[in-house]
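The values are calculated or read from the model by the stated rules, or taken from the named source; none is laboratory data. Just so it is clear, the structure is predicted and the values come from calculations on it, not from any experiment. Here Cβ is always computed from backbone atoms with ideal geometry, including for glycine, and neighbour counts include all displayed protein chains. The protein model used for the area step is the full one, side chains on, heavy atoms only, and it has no ligands, DNA or RNA in it. Shrake-Rupley method; radii C 1.70, N 1.55, O 1.52, S 1.80 Å.
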Amino acid sequence: MKQVIIGSGAAGIAAAKTIRNINKNNDITIVSSDESIYSRCMLHKYTGHERDQTSLSFVPNDFFTTNNITWYPGESVLSIDTKNNHIQLQNKTLPYDNLLIATGSEAVIPNIGQLKTATNVYGYRHLTDAKTIREKAPNVKKILIVGAGLVGLDVAYALLKLKKPVIIVEMAPQILSLNIDSTAAAVYQKLFEQNGCTFRLNSKITNTQSNQNGEITHITLETGENIACDMVIVAAGVRPSTKLLEGSGIEYDRAIKVDPYLKTSCANVYAAGSVTGLGEIWQSAVKQGETAAKNMCNIKTQFTDTFTAKNTLNFFDLPTLSVGNINPESDDTVHIQTIPNSYKKIIIRNNIVTGIILQGNLNYSGIWQYLIKNKIDVSQLKKSLWSISFADFYGIDPDGQYKYDCPAANQK
Amino acid sequence: MSQIQRIMIDHTKCNGCKSCSLACMQAHRQDSGSLYDLDLTDGTNESRNSIQTDANGVYFPLFCRHCDDPQCVSACMSGAMTKNPENKLVQYDGKQCAACFMCVMNCPFGIIKPDNPTKTYVIKCDFCAKDKNGPNCVRACPNKAIYIEEVV
């Protein structure tokens, strides 16, 4: 059986590993435009000189030999022929019995001024982006970042460590607006500002100015203000990488359409990771890769863990966790606890925790995702919300693995 | 399928003495010495396990299960958290860790946590890998509330 995987990110690697664990004899091939294996979530650590290229990898160095996987690094897939079951590379045609598309996403560069065409504008998605920015950083004077989300702040954090002046332009009235509330965001904003970062919140870019070399020298805000810069990094969201699907017959609109088994509209073609639009987070990509791999090995498995409203952040050694809906509605009960170096906020709707933010103290916080995801009624617990732990839901299987015993906990 | 070892728990035998937590702290302290000079206030000596109570004051030992399907591993974006295919332990490599704490959020039982003093690495049971006598917590339990068993 020839199992071919396009993409060597979280989903592609998880799929290859899973296929190999299920089947020792399958012929596994990975084709990736990336020339090395690296974790996208750590790119800023490369830019900030905290890690070299080797330590960006999330698999052991001998991964491909140990698992007997053929890898074509730095190869673009030119086309997918779903009628004859093969993919076309530059100098090679690869036949497949099953194909997995795990091509991830691309940075979106908005069509404003010369952002799309200027030579000093970068996305922040690939190692090539992180490398270029790291190489050019010593010679740039002022870096402008578009977007104060996780990616924008990650790269800002790295550049601040290199003592580069950074200005971040954000449309929302706060930073990290998709991840945390304004209270937790204000704490991070202050830390960034103390370390040399400037923010322009509530700000929209309407135009750019360039020099003769095609480099942006200023961006213009809606207010008419011009901000000088000699490098622009755009961290304003991503879109699934679907370019190679053109002409393949595989159905997609924004993302690839998949059924619950992660199969696409074409026979023997599967998709996993952010290219499916089912979740733009690491663990979701891994689980999709594992699920698709099982189906590629004829073990019928549905992808069920679609809960992705969860995130952790860690800047300046101040960690934060957010799960669920962080913006309360009018009928919700909001509990807040503020003590030095710790902010906690729990949102409750109809006796069920629907969202939580923990900043500073993440001790034993894993239970919250379970409670939120599974809509566990916490109203019957004769205990403060701030002191609940797995002890309140304790259950154990004969093989020693824990399980939640919620009805018992609620009856007490 | 291979046999693996797991620390089994009979919570009804736990009287909350926390000998397991002390033994864990002693086993993982950075300096050397005996239990009698273990600095309980030194955050680098944190215990990997904890004993928590429910609303009725009943004690429950909360120990890493080295789960069959470990959520901390699938959540790990750096390759620091891995499931060892031979002994089935969930192993943590502090040098590879990027301190994103996705593992902390995704442990359904809230067992693992960031280290208290620096918040730069994860406090996680290593089955006392360096000790040929195995997990110190188990040997310290006076009530056999925790014990090692081979599980399939």
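Quick look at the numbers
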{"read-out": "Per residue value of the accessible surface for region A:146-189 (all protein chains in place, 1.4 Å probe), Å²", "value": "35 Å²"}
{"read-out": "Full-extension gain in nm, A:ASN111 to A:SER76, via 0.36 nm per residue minus C-alpha separation", "value": "10.0 nm"}
{"read-out": "Mean separation of Cα contacts under 8 Å, 6 or more apart, over the residue count of region A:243-304: relative contact order %", "value": "28 percent"}
{"read-out": "Integer Hz, Karplus 6.51/-1.76/1.60 couplings in order for region A:224-235, x for Gly and Pro", "value": "x, 5, 9, 10, 6, 7, 10, 8, 10, 10, 9, 10"}
{"read-out": "Within the protein assembly as shown, helix-based [θ] at 222 nm, where runs of 4 or more DSSP H residues each add -39,500 (n - 2.57), nearest 500", "value": "-5500 deg cm²/dmol"}
{"read-out": "Which listed pairs, of A:LYS142/A:LYS345; A:LYS92/A:LYS300; B:LYS18/B:LYS130; A:LYS17/A:LYS116, have C-alpha distances above 29 Å, in listed order", "value": "A:LYS142/A:LYS345; A:LYS92/A:LYS300; A:LYS17/A:LYS116"}
{"read-out": "Charge dipole (chain A, unit charges on Cβ, about Cα centre) - positive-most of A:VAL151, A:ASN98, A:GLY360", "value": "A:GLY360"}
{"read-out": "Neighbour net charge for A:ILE143 - beta-carbon separation under 10 angstrom, K R +1, D E -1", "value": "+3"}
{"read-out": "Solvent-accessible area per residue, Å², over region B:67-124 with all protein chains present [probe radius 1.4 Å]", "value": "36 Å²"}
{"read-out": "Choice from A:ASN21, A:ASN213, A:ASN374 with maximal GNM fluctuation in chain A (Cα, 10 Å cutoff)", "value": "A:ASN213"}
{"read-out": "Test item: Cα-centred dipole of region A:310-410, Lys/Arg +1 and Asp/Glu -1 on Cβ, debye", "value": "140 debye"}
{"read-out": "Carbon plus sulfur fraction of accessible area for the protein assembly as shown, probe 1.4 Å, in percent", "value": "48 percent"}
{"read-out": "Test item: Cα-centred dipole of the protein assembly as shown, Lys/Arg +1 and Asp/Glu -1 on Cβ, debye", "value": "140 debye"}
{"read-out": "Net charge, A:TYR370 excluded, C-beta distance under 15 Å - Lys, Arg +1, Asp, Glu -1", "value": "0"}
{"read-out": "Label point distance in nm, B:VAL58-A:ASN374, each placed 7 Å from Cα along Cα→Cβ", "value": "1.6 nm"}
{"read-out": "Selected from B:GLN96, B:PRO85, B:LEU35, residue furthest toward positive end of dipole (chain B; charges at beta carbon)", "value": "B:PRO85"}
{"read-out": "Globularity ratio of chain A, using Cα Rg and 2.2 N^0.38 Å", "value": "1.08"}
{"read-out": "Along principal axes, Cα extents of region B:40-152, largest first, whole Å", "value": "39, 34, 27"}
{"read-out": "Region B:12-35-region A:220-291 distance, computed between alpha-carbon centres (Å)", "value": "48 Å"}
{"read-out": "Area hidden from solvent between A and B (accessible, protein heavy atoms only, 1.4 Å, total, Å²)", "value": "3700 Å²"}
{"read-out": "Solvent exposure, largest accessible area first (probe 1.4 Å, DNA, RNA and ligands not counted), of A:HIS218, B:HIS66", "value": "A:HIS218, B:HIS66"}
{"read-out": "Set of region A:295-315 residues, backbone N closer than 20 Å to the point 7 Å along the Cα-Cβ line of A:GLN401", "value": "A:295, A:299-307"}
{"read-out": "Cα-based reach from A:LYS141 at 19 Å (exclusive), listing lysines while leaving out same-chain residues under 8 positions away", "value": "A:LYS131, A:LYS161, A:LYS163, A:LYS164"}
